[in-house]
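Here is the structure we will look at.
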Amino acid sequence: MEKFVIKGGKPLLGEVTISGAKNAAVAILPATILADGPCILENVPSISDVSITLQIMSDMGAKIRNINKTTIEIDTTHLMQVPIAYDLARKMRASSYFLGTLLGRFKKACVPMPGGCNLGDRPLDQHIKAFDALGADCKIEHGMIEVHAEKLTASHIYFDKVTVGATINAMFAAVKAEGLTIIENAAKEPHIVDVANFLNSMGADIMGAGTDVIKVRGVEKLYGANYAIIPDQIEAGTFMVAAAATRGNVLIKNVIPKHLDPITLKLEKIGAKVVINDDSIRVIGSDCYEKTSVKTMPHPGFPTDMQPQMTTLLTLANGTSIVTESIFDNRFRYVDELRRMGADILVDGKVAVVQGVEYLTGAPVKATDLRAGAAVMIAGLIARGTTEIEDIYHIERGYENMVEKLRSIGADITKKIYSDVSVQEAL
Ligand code: UD1
């Protein structure tokens, strides 16, 4: 078993560089299936969700070559439709992107029901609604989703709710459909724009990504392209909150500051100082923070993927903060872990009431999902004493070299491998 062991209480000081965005990478890699020719992708993060995506693609016959640590070439010319292993698909939600991309290329796809973080109910009805509108039949049998179309035809898709995954899958299925598809009530997250930009660089005709109406004019062919993935908004936000929470001073490099506005504004509101540069952002912590209210919303609102980290910081703010989760049903599972460390949080449905305490204390805790893992890591960094975090594979799904990055800015964090008989220091 692997654990992170953190000795808390040290301010984070120095500079850290943000990797490519996980949520863009796990969509852009499958998008190469739509190209007739090799693609070169830069700024690809080295995280387990990317390895799983590449494994699925390589099992299907994609040729993958590492050009350097963050750049890969993918050639899907000789891709075959082999079944995707359930054990791979169930590990991440983004395996659903193989539905849209395989449908776009082969007019059929069969993918195991995807997994991912357990955040409550995560249906695929809006994905299916989009495929259906474009002329595909969909059925779910024996744990597999099958979509099939004689021909994909442009359509008007109106999502009942704002969904990142279904917006991306709708674009994938529509890029080669005949005619003009209009996607309304589309998600506007930075990685939606990144995926659309990548598809356009391959020859697609997509307009309006980043607004709530996306127009996709189908084209016959897409070509291989070179593309650099955007920096990870959530990794950057996690370091911003960690810098503030430890009362540190960190320059966070390789970011798009505009993507970080909702986080910047909340940090400033509670008392941290944030200095914005062209492609970096400095967060300077304060000795005392004030309560606030946070409500997660689709972009450009406060991102649900930053809710657990922000709640952790608010455990030390003066007064009572209110955190409302409006995207997922069950995104407070990490609160039990923070309580073990002395946090005073009450959860009622989608609302957490956070009563600031003077300090947290280290404890054995679990990463209950990816961003929950980031939250307990931040808690460990600010707590008095030692925190041991179990189930760190959740964290490694989405954060590249987290231990090295945190150590480089002064954190006392070690990855330990526990076997029945010994403890081996891995880093
Ligand atoms: C993506 C992100 C995830 C982030 C989330 C919200 C990736 C790989 N993951 O997840 O990190 O937390 O956006 O920003 O990009 N819904 C339906 N029916 C559907 C699809 C979604 O009801 O067919 C609901 C979900 O249950 C949820 C809400 O819509 O309540 C938003 O989900 P969605 O935006 O689709 O999230 P994901 O794409 O799964």
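At a glance:
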| read-out | value |
| --- | --- |
| Under 5 Å, built H, 5+ apart or other chain: amide partners of TYR289 | ASN318 |
| Semi-axes of the equivalent ellipsoid for segment 55-99, Cα gyration tensor, largest first, Å | 20, 14, 8 |
| Full-extension gain in nm, LYS63 to GLU15, via 0.36 nm per residue minus C-alpha separation | 13.7 nm |
| Most to least accessible of THR315, THR77 (protein chains only, probe 1.4 Å) | THR77, THR315 |
| Probe 1.4 Å - accessible area at ILE47, Å² to nearest ten | 10 Å² |
| Length-normalised contact order of segment 1-66 in % [C-alpha pairs under 8 Å, at least 6 apart] | 33 percent |
| Segment 1-143: C-alpha gyration tensor shape, a/c 1.5 cut-off, then a/b vs b/c | oblate |
| Helix axis angle, 164-174 relative to the chain longest principal axis, alpha carbon, degrees | 20 degrees |
| Per-bin percent of Cα-Cα distances, segment 281-341 [10 Å] | 19, 50, 29, 2 |
| Efficiency of FRET from Cβ geometry, ARG90 and GLU184, R₀ 25 Å, rounded to 0.05 | 0.20 |
| Cα-Cα separations in segment 1-62 greater than 16 Å, expressed as whole percent | 60 percent |
| Ratio Rg/Rh [Cα only; Rh per Kirkwood] for segment 22-228 | 0.92 |
| Degrees, to the nearest 10: 190-201 long Cα axis against longest axis of the chain | 30 degrees |
| Residue-level accessible surface for CYS110, protein heavy atoms, 1.4 Å, Å² | 50 Å² |
| Histogram of C-alpha separations across segment 303-403, 10 Å bin width, % | 17, 53, 28, 2 |
| Accessible surface of ARG122 - all protein chains present, 1.4 Å probe, nearest 10 Å² | 70 Å² |
| Table column - 3J(HN,Hα) (Hz), segment 400-413, Karplus curve with 6.51, -1.76, 1.60, x for Gly and Pro | 7, 6, 4, 5, 4, 5, 5, 5, 5, 10, x, 6, 9, 9 |
| Rounded tilt (10° steps) of 48-59 against the dominant C-alpha axis of the chain | 20 degrees |
| ³J(HN,Hα) computed for each position of segment 346-352 - Karplus, 6.51 cos²θ - 1.76 cosθ + 1.60, integer Hz, glycine/proline x | 10, 10, 10, x, 9, 10, 10 |
| Whole-angstrom Cα spans of the chain along principal axes, big to small | 63, 46, 44 |
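The values are calculated or read from the model by the stated rules, or taken from the named source; none is laboratory data. Keep in mind that this is a model prediction, so the values were computed, not measured. For neighbour counting, all protein chains shown are included, and Cβ atoms are generated from backbone atoms with ideal geometry for every residue, glycine included. Just so you know, the surface numbers come from the protein's heavy atoms only, side chains and all, with ligands and any DNA or RNA stripped out. Shrake-Rupley method; radii C 1.70, N 1.55, O 1.52, S 1.80 Å.
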